[in-house]
Amino acid sequence: MSARALACALLASLALILVEPALASWEGVSLSGGVLLVFLSIASAPRSAVLDAPWRTGLSSASAALPALGLAIGLDLARGVPSGRLVVASAAASAIVALWSFAASLASSTGRARSLFAALWIAALPGSAVLWAALAWAPAGRGATTAPGASLAGANALVWLHRWTRVGGLSTVEPASAAAPLVLALLALVAVLVARRPAESSASR
């Protein structure tokens, strides 16, 4: 993740914190969830070139969120958000951001890994998020109380953060629900590592 992208993510997160009090429809949303949603959206995106050591990129993506995240957590706590749930969820979400960013950086080194990661990213994040929206919102318009298959999107980190960010969301989202998106991020990282192996072994000969 480039310095420009990190700066954009940080500025967008701070703008979210500053603008939220002026928007009545946003009153009561979780600012910490919103900050991490912004960073995940930017840090996880596929890349076309190696920008830095992959492990360093993963850590920098998570650490760059700390100033805005610290401020957001303080504001959430002042609003009465359960501290235990908030700390656990924030730690899990930060780890998810770091894993997806690490995988994106690793994948950028070879064409095969880059193509695989791009497909995984589309399916695991924006693709399944759109599917969740269709399954969850379309039945609601017809008066249905539940959406068939909507729970399958629980492993999607964007959907998980969205549920957390909503008004009162962290009170209904169990911290253990972070396990599914965390495991999915780990699987994406493992898939990229496997895809890189042929290229690494050929380069060592």
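The values are calculated or read from the model by the stated rules, or taken from the named source; none is laboratory data. This structure is a prediction, so every number in the text was calculated from the model and none was measured. With ideal geometry, Cβ positions are generated from the backbone for all residues, glycine too; neighbour counts draw on all protein chains shown.
Please find, within the range 1-37, the residue that is surrounded by the most Cβ atoms within 10 Å (Cβ to Cβ) out of those that are at pLDDT below 85 and not in a helix (DSSP H, G or I). The qualifying residue surrounded by the most Cβ atoms within 10 Å (Cβ to Cβ) is MET1. A search for C-beta distances below 9 Å between a residue of the range 91-117 that is without any contact (Cβ under 8 Å) to a residue 40 or more places away in the chain and any residue that is surrounded by fewer than 24 Cβ atoms within 10 Å (Cβ to Cβ) and assigned to a helix (DSSP H, G or I), counting only pairs 6+ apart in sequence or on different chains, returns ALA91/ALA178; GLY111/ALA199; SER115/ALA195.
Please specify each residue of the range 75-108 satisfying the condition of being more than 17 Å from SER61 (Cβ to Cβ), more than 13 Å from the chain's Cα centre (by Cα) and of a type in the set (Gly, Ala, Ser).
Taking the range 75-108 and keeping what is more than 17 Å from SER61 (Cβ to Cβ), we get 75-89.
Now restrict to residues that are more than 13 Å from the chain's Cα centre (by Cα): 75-88.
ALA78, GLY80, SER83, GLY84 - these are the residues of the range 75-108 that are more than 17 Å from SER61 (Cβ to Cβ), more than 13 Å from the chain's Cα centre (by Cα) and of a type in the set (Gly, Ala, Ser).
I need the full set of residues from the range 78-94 which are under 18 Å from ARG163 (Cα atoms) and either of a type in the set (Ser, Thr, Tyr) or in a helix (DSSP H, G or I) (or both), in order please. Those that are under 18 Å from ARG163 (Cα atoms) and either of a type in the set (Ser, Thr, Tyr) or in a helix (DSSP H, G or I) (or both): SER83, GLY84, ARG85, LEU86, VAL87, VAL88, ALA89, SER90, ALA91, ALA92, ALA93, SER94.
Screening ARG56 against (1) over 13 Å from THR165 (Cβ atoms); (2) modelled with pLDDT of 75 or more; (3) not aromatic (Phe, Trp, Tyr) leaves a single unmet condition, (2). Residues that are over 20 Å from ASN156 (Cβ atoms), within 17 Å of the chain's Cα centre (by Cα) and hydroxyl-bearing (Ser, Thr, Tyr) within the range 6-44 comprise just one, SER13.
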